[in-house]
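Reading through the structure tokens given below for one structure.
The values are calculated or read from the model by the stated rules, or taken from the named source; none is laboratory data. Since we're looking at a predicted model, the values are computed, not measured. Cβ atoms come from the backbone with ideal geometry, glycine included; neighbour counts cover every protein chain shown.
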């Protein structure tokens, strides 16, 4: 992996498949832990924990310092703090500030190193989920002892590690399905996630099969998949096929953690069909719908509608009282 760009390089192996071009090396993952206080500077104790998985371009500081103020993540944090929750957020692989070239988040560099590197993008999404699971283990096994050992804190039992919730929005709302399979969580709140794009990208106006096959050959789709391509719009299928191991719908069927989905009606980033599909596939989920009252992207209903804050308040109350 290029430590400046985060781009993963592959080479052909002896069996005709792909192998990493270089041996993987460990890398640090930055995280930030936000602990509520009593208004006088005294940290609360016995705080349930929320693992926050950010959207594209997010960083460990996204809950309090998002690049776009209209996201209003700080308002979401206020609700969480009012309920006594501690929040642990981390940099996502290739989407935050893990690599110097990508510090600005959703820009041309991010596009080049992800969209034009689809196998690597799928791997990076899965790595981000592994990191999220590691954050859960970190909170359960180590953080209380660490906080108690710090002279400026020196408090026992700051975190209630018997209650850990996963919160994810946009990219985080999609990769959260993978994270739920890798670590124990007591509840999950996912919004603006990604699902199986094919659920809404089917087209009756099929392209000629030979054109589809040429495209498939050009990007390396296996021969056995060429015939299927004539039934779908080609480009989304290519993206979906190459990212298949990281597709949220593959994991939604096996989720056992109670999950709440927040969905903005008319979301232009993540079509409602995909969120409904995740809800249908997830056997332990509840779908909550919000309507945008203003002319903005409904994906952000989580932050911009009072109804969403009220529902979040209710959800955290229920979770905290379990």
Per the list (1) farther than 19 Å from residue 168 by Cβ; (2) modelled with pLDDT of 75 or more; (3) in a helix (DSSP H, G or I), residue check on residue 241 breaks on (2)
Taking the conditions exactly as written (at pLDDT below 85, in contact with a helix residue (DSSP H, G or I) (Cβ under 7 Å, 6 or more places away or on another chain), buried (at least 18 other Cβ atoms within 10 Å of the Cβ) and within 30 Å of residue 292 (Cα to Cα)), does residue 92 satisfy them or not?
yes
Considering only region 122-170, how many residues are assigned to a loop (DSSP other than H, G, I, E, B) and crowded, with 18+ Cβ neighbours inside 10 Å?
2
Does residue 50 satisfy being within 18 Å of residue 177 (Cβ to Cβ) and modelled with pLDDT of 90 or more?
yes
Answer yes if at least one residue in region 31-38 is assigned by TED's automatic domain parsing to the domain that holds residue 313, at pLDDT below 90 and either closer than 23 Å to residue 190 by Cβ or surrounded by 14 or more Cβ atoms within 10 Å (Cβ to Cβ) (or both), and no otherwise.
no
